[in-house]
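Participant: Submitted below is the structure of interest, expressed as structure tokens.
The values are calculated or read from the model by the stated rules, or taken from the named source; none is laboratory data. What you see is a predicted model, and the numbers here were worked out from it, not measured in a lab. Please note: Cβ atoms are built from the backbone with ideal geometry, for glycine as well, and neighbour counts cover all protein chains shown.
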Amino acid sequence: MPRTEPRRRIALVTPWYGRDLAGGAERLAWDLSHALSRTGALVEVLTTTCRSFHDDWGASYHRAGVSVVDGLVVRRFKVDSRDRAAFARANGKLLSLPREALRRDGQPVDDASARTFAAENITSRALLAFLRENGTNYDAVLFVPYLYGPTLAGVPLVADRAYVVPCLHDEAYAYLDAVRDVFASARGILFNSEGEGEVAGTIYGPAIHARGSVIGHAVDPVAPPRTPLKIGSFVPHRARYVLYLGRQDRTKNTDFLLEAFARFRETRVGSALQLVLAGPRPSTYRDRDGVVALGYVSSEVKAALLTYARALVQPSTNESFSRAIYESWFARRPVAVHGDCRATARAVDEAEGGWTGVTIDDFVRIFTTIDESADEAIDALGRHGFAAALENGTWDVVASRTLAAIDRASGRTPALAIDQFVPLGEPAITRYSVALGDALRQTGIDVVSSIVESPIVRANARAIVHGARGVAPVVPDALVVHVPDADVPERVPPLFASNIAVLNGLAERGLSARLLPEIVDPGTWSGVRLDRNPFDDGRLTVFSIAPLGCDEAQRMIEIFVALIRIVGDARLIVERSDCTAEAIEALERDSRDLDLGHALVLLEDDRASRFAARRAATLACALGAPLPDVGRAVDALWFDLPVVAFDDPVVRETIEPCGVVLETRVPREVAVALKVVATSPSVRRAAITEGRRIRARYAPSTVTSTLLDALNVRSAPAPIFRSMRP
């Protein structure tokens with residue numbers, strides 16, 4: 001009889017659980033737990049006796065104990081009493097912080113307030129004791145969402161099998177040390193959207209991408225009404241309006257929305273366009289010109305509002321995923337979102353399903369476009385959104401992605417052995433093969449490397465040959481070519497090129513190959529933690545990533561001095577390990593002679609300093625000798641650094657598509673380019689967005705998936721950044 005794998009045992013930990021709970025994280029916990037159960041997994045929900053987010057977090061509503069709810073085992077544990085006043089004081093401090101007080105390295109409030117926030121949060125000692133005693137009985141323990149007591153205290157107890165579904169926003173809570181510890185210690189992070197993954201990378205550093213997977217977030221389509229509805233005096237099918245769905249308060253940025261719409265009405269007095277608000281609203285709400293506030297509406301009314309709207313508006317800057325956007329797209333209506341919310345802005349930009357704005361003036365222009373555009377143009381954007389909503393998938397697809405991410409992180413993959421054959425005397429190829437082997441081992445594959453002259457392949461192992469020149473004595477299952485004129489056998493196995501130059505060279509020979517680039521793993525920065533970043537002081541900071549000889553060092557100083565004359569204050573950071581002895585001598589001499597002082601930093605070779613420099617840099621530059629490999633360039637992209645560079649083969653592959661490549665060597669002209677990239681929001685946004693797409697080519701999960709797919713082996717789930725246009 002064929003052997004069947006045992007069913008996975010999965011626990012889902014969440015503060016509140018129930019079918020009728022309205023919060024986004026609560027609905028996700030309900031839908032995801034049931035979807036995982038439908039896959040055949042044995043799912044148990046571990047939650048508290050507290051009724052909901054809106055009730056007293058220290059009061060029990062449900063009875064403690066085990067029950068079966070819609071086929072799932074639900075274990076409820078008595079919620080602990082807490083000091084509500086102390087928590088309110090600590091929470092108030094966090095909510096009152098201005099945006100500029102949130103530093104990527106360092107806690108935003110004093111330690112006492114941070115401890116109080118965690119200690120007086122909703123929690124249950126009984127739940128934590130159960131996890132401590134029984135956590136190893138589960139294959140995986142999912143925590144939803146990130147900022148409450150069961151997650152903050154529970155993840156460390158089962159870190160080796162903990163997967164956080166954070167529902168992360170760029171907010172003060174995310175910068176607390178206790179939250180950083182959760183993201184650093186969990187085995188995996190499961191994101192609702194690619195934009196949410198980008199937020200996590202910005203706050204916690206690039207290592208988070210090595211353990212992050214996008215599982216998505218499904219939305220059930222809202223069926224249109226069978227007959228037109230009337231809501232009080234408002235008749236949707238006869239009105240011309242834009243729609244806002246959701247809670248109306250400061251945290252959702254509805255004040256911004258109302259101000260923008262008021263400005264629009266002032267500039268277009270004769271417009272019939274209205275703004276319809278549907279959702280809970282404050283008791284102090286005042287009627288405004290052209291605004292229809294309906295308050296809470298039923299699902300039937302919501303469907304009617306979506307069906308007849310010109311567009312949906314989602315102004316929030318704090319979303320990990322917006323259900324309303326996908327509901328609107330399922331209704332084939334376009335959406336307008338705030339550009340400072342990465343999750344929603346990225347979704348809209350990639351789908352081409354609406355508009356993105358940042359300022360009040362931007363939204364005034366968006367409202368004008370919605371008002372003036374022909375119905376056909378509005379409908380076309382809505383169709384784009386509908387296609388994106390279909391691609392997003394169902395809850396069953398989300399569950400499948402979740403299990404694939406867990407399998408990848410835990411090494412639960414089909415038994416497979418791979419033998420790599422590497423030529424002697426080729427250090428670049430050796431480095432490439434070592435990185436590839438390490439990444440494959442992370443997926444649970446048994447990898448052994450040998451010299452290419454060795455004729456021995458293990459029984460049942462797949463052979464991967466790294467080719468330069470000469471024919472290998474083994475028959476490869478895959479051939480990775482590292483030079484354009486490499487020998488290729490007549491019967492070509494799956495053929496890969498290690499870089500774009502080789503790929504183009506093979507194409508000129510009439511050979512079809514796939515790109516399998518050198519892995520640049522953001523996970524190499526795992527474990528680096530800064531209590532304070534000495535370079536994070538707001539100064540324009542240029543980080544050099546190119547090798548520097550004496551001549552290049554002197555030119556770099558000339559460029560930097562020109563930059564200081566343009567912007568007034570700046571810092572240049574150069575790693576000593578990138579410099580020859582003569583270059584270091586030249587940099588130190590010029591720094592003394594020009595009285596640069598602390599404006600020039602020669603960085604020592606320790607991980608904490610190197611990490612701090614990258615985190616605080618405004619941009620990177622490759623303005624020295626040619627880059628020897630893709631590592632330094634892609635590493636800069638993992639830190640979301642725009643790059644200004646002189647041309648060379650590595651730059652053409654990695655930087656040219658997303659950065660600024662200069663022909664000029666005139667110091668002032670180069671300095672002007674640095675200044676533009678450092679200070680122009682639109683240039684920076686475009687460079688960072690495209691850089692995220694480029695760096696995804698070099699992620700371990702991307703490269704291993706490409707190889708394993710060619711070998712007809714089930715591959716790991718897609719990395720966080722899936723957009724891989726050729």
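Every residue, every condition in (1) assigned to a loop (DSSP other than H, G, I, E, B); (2) over 29 Å from Tyr204 (Cβ atoms); (3) assigned by TED's automatic domain parsing to the domain that holds Val199, yes or no:
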| residue | (1), (2), (3) |
| --- | --- |
| Gly40 | yes, yes, yes |
| Gly58 | yes, yes, yes |
| Ala90 | no, no, yes |
| Leu97 | yes, no, yes |
| Glu100 | no, no, yes |
| Ala112 | no, no, yes |
| Leu128 | no, no, yes |
| Leu131 | no, no, yes |
| Gly135 | no, no, yes |
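Participant: Would you mind listing the helices (runs of 4 or more DSSP H) fully within segment 529-638 where at least 3 residues are closer than 17 Å to Arg668 by Cα and modelled with pLDDT of 95 or more?
Facilitator: Values: elements: 550-567, 581-593, 607-616, 631-638.
Qualifying helices (runs of 4 or more DSSP H): 550-567.
Participant: Kindly indicate whether Val313 is closer than 25 Å to Glu26 by Cβ, aliphatic (A, V, I, L, M), surrounded by fewer than 23 Cβ atoms within 10 Å (Cβ to Cβ) and in the same structural domain as Ala374 (by TED's automatic domain parsing). Explain how you work it out, then say what you get.
Facilitator: Values: closer than 25 Å to Glu26 by Cβ: yes; aliphatic (A, V, I, L, M): yes; surrounded by fewer than 23 Cβ atoms within 10 Å (Cβ to Cβ): no; in the same structural domain as Ala374 (by TED's automatic domain parsing): yes.
Judged against the criteria, Val313 is not a match.
Participant: List the strands (runs of 3 or more DSSP E) that sit entirely inside segment 230-309 and contain at least 2 residues that are closer than 24 Å to Ile378 by Cβ and not aliphatic (A, V, I, L, M).
Facilitator: In segment 230-309, the matching strands (runs of 3 or more DSSP E) lie at 241-245.
Participant: For residues that are at pLDDT 85 or above and closer than 20 Å to Thr369 by Cα, scanning just segment 278-298, find the one that is surrounded by the fewest Cβ atoms within 10 Å (Cβ to Cβ).
Facilitator: The selected residue is Gly290.
Participant: Test Thr679 against the stated conditions and say whether it is within 30 Å of Ala409 (Cα to Cα) and either polar (S, T, N, Q) or surrounded by 15 or more Cβ atoms within 10 Å (Cβ to Cβ) (or both).
Facilitator: no
Participant: Filter segment 90-146 for residues that are under 22 Å from Ala186 (Cα atoms) and among the acidic types (Asp, Glu) and give the result.
Facilitator: Asp105, Glu133, Asp139
Participant: Can you find a residue that is part of a loop (DSSP other than H, G, I, E, B), within 27 Å of Leu168 (Cβ to Cβ) and in contact with an Asp or Glu (Cβ under 8 Å, 6 or more places away or on another chain) anywhere in segment 334-346?
Facilitator: Within segment 334-346 (the criterion being part of a loop (DSSP other than H, G, I, E, B), within 27 Å of Leu168 (Cβ to Cβ) and in contact with an Asp or Glu (Cβ under 8 Å, 6 or more places away or on another chain)), the answer is yes, since at least one residue qualifies.
Participant: Identify all residues within segment 310-326 that are more than 20 Å from Leu258 (Cα to Cα) and part of a helix (DSSP H, G or I); write none if there are none.
Facilitator: Looking only at segment 310-326, we keep the residues that are more than 20 Å from Leu258 (Cα to Cα), and these are 320-321, 323, 326.
Within segment 310-326, Arg323, Tyr326 meet the criteria.
Participant: So Ala507 passes all but one of these: (1) in contact (Cβ under 8 Å) with a residue 12 or more places away in the chain; (2) part of a helix (DSSP H, G or I). Which condition number does it fail?
Facilitator: The one condition Ala507 does not meet is (1).
Participant: Out of segment 222-246, which residues are surrounded by fewer than 16 Cβ atoms within 10 Å (Cβ to Cβ), out of contact with any Leu (no Cβ under 8 Å at 6 or more places or on another chain) and farther than 20 Å from Asp375 by Cα?
Facilitator: Ala223, Arg226, Thr227, Lys230, Ser233, listed by residue number.
Participant: Something else about it: If I ask for residues that are small (Gly, Ala, Ser), touching a residue at least 60 places away in the same chain (Cβ under 8 Å) and within 22 Å of Leu530 (Cα to Cα), which ones from segment 595-640 would you list?
Facilitator: Scanning segment 595-640 gives Ala608, Ala612, Ala613, Ala616, Ala617, Ala620, Ala636.
Participant: Hey, another quick one. Of all residues in segment 365-386 being surrounded by 14 or more Cβ atoms within 10 Å (Cβ to Cβ), part of a helix (DSSP H, G or I) and of a type in the set (Gly, Ala, Ser), which is farthest from the chain's Cα centre (by Cα)?
Facilitator: Ala380
Participant: Could you please let me know if Ala671 is in contact with a helix residue (DSSP H, G or I) (Cβ under 6 Å, 6 or more places away or on another chain), farther than 21 Å from Ala207 by Cα and at pLDDT 95 or above?
Facilitator: It is true that Ala671 is in contact with a helix residue (DSSP H, G or I) (Cβ under 6 Å, 6 or more places away or on another chain), farther than 21 Å from Ala207 by Cα and at pLDDT 95 or above.
Participant: In addition: Can you name every residue in segment 551-561 that is in contact (Cβ under 8 Å) with a residue 12 or more places away in the chain and over 14 Å from Leu674 (Cα atoms)?
Facilitator: Glu552, Ala553, Gln554, Arg555
Yes or no, residue by residue, for (1) surrounded by fewer than 19 Cβ atoms within 10 Å (Cβ to Cβ); (2) touching a residue at least 40 places away in the same chain (Cβ under 8 Å); (3) within 30 Å of Ala178 (Cβ to Cβ); (4) aromatic (Phe, Trp, Tyr):
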site	(1), (2), (3), (4)
Ser512	yes, no, no, no
Pro517	no, yes, no, no
Val520	no, yes, no, no
Asp531	yes, yes, yes, no
Val542	no, yes, no, no
Gly549	yes, yes, no, no
Leu563	no, yes, no, no
Asp569	yes, no, no, no
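Participant: Now, a different point. Tell me which residues, restricted to segment 118-127, are out of contact with any Phe, Trp or Tyr (no Cβ under 7 Å at 6 or more places or on another chain) and within 17 Å of Val179 (Cα to Cα).
Facilitator: Listed by number, the residues that qualify are Ala118, Ala119, Thr123.
Participant: Then there's this: Got a sec? Which of Ala439, Ala336 is within 28 Å of Gly523 (Cα to Cα), buried (at least 23 other Cβ atoms within 10 Å of the Cβ), in contact (Cβ under 8 Å) with a residue 12 or more places away in the chain and touching a helix residue (DSSP H, G or I) at 6+ places or on another chain (Cβ under 6 Å)?
Facilitator: Result of the check over Ala439, Ala336: Ala439.
Participant: For residues that are assigned to a helix (DSSP H, G or I) and under 21 Å from His54 (Cα atoms), tally how many sit in segment 114-124.
Facilitator: 4
Participant: Looking only at segment 165-210, count how many residues are touching a Ser or Thr at 6+ places or on another chain (Cβ under 8 Å) and either in a loop (DSSP other than H, G, I, E, B) or of a type in the set (Ser, Thr, Tyr) (or both).
Facilitator: Number satisfying all stated conditions: 8.
Participant: State all residues of segment 615-649 that are surrounded by 22 or more Cβ atoms within 10 Å (Cβ to Cβ), under 19 Å from Arg539 (Cα atoms) and not aliphatic (A, V, I, L, M); if no residue qualifies, say none.
Facilitator: Across segment 615-649, the qualifying residues are Arg615, Cys621, Phe639, Pro642.
Participant: Here's another thing I want to ask about it. Given Pro484, Pro494, which one is in contact (Cβ under 8 Å) with a residue 40 or more places away in the chain and either closer than 22 Å to Asn712 by Cα or in contact with a Leu (Cβ under 8 Å, 6 or more places away or on another chain) (or both)?
Facilitator: Values: Pro484 fails: in contact (Cβ under 8 Å) with a residue 40 or more places away in the chain.
When all the criteria are applied, what remains is Pro494.
Participant: Please go through (1) within 13 Å of the chain's Cα centre (by Cα); (2) within 26 Å of Asp111 (Cβ to Cβ); (3) not hydrophobic (A, V, I, L, M, F, W, C) for Tyr173 and return the number of the only condition it doesn't satisfy.
Facilitator: (1)
Participant: Run down Trp355, Trp329 and say which single residue is part of a helix (DSSP H, G or I), of a type outside the set (Val, Ile, Thr) and crowded, with 16+ Cβ neighbours inside 10 Å. Outline the logic, then answer.
Facilitator: On the way: Trp355 fails: part of a helix (DSSP H, G or I).
None of the other options fit; the residue is Trp329.
Participant: Please specify each residue of segment 587-614 satisfying the condition of being surrounded by fewer than 17 Cβ atoms within 10 Å (Cβ to Cβ), closer than 19 Å to Ala562 by Cβ and in contact with a Ser or Thr (Cβ under 6 Å, 6 or more places away or on another chain).
Facilitator: Hits for segment 587-614: nothing passes.
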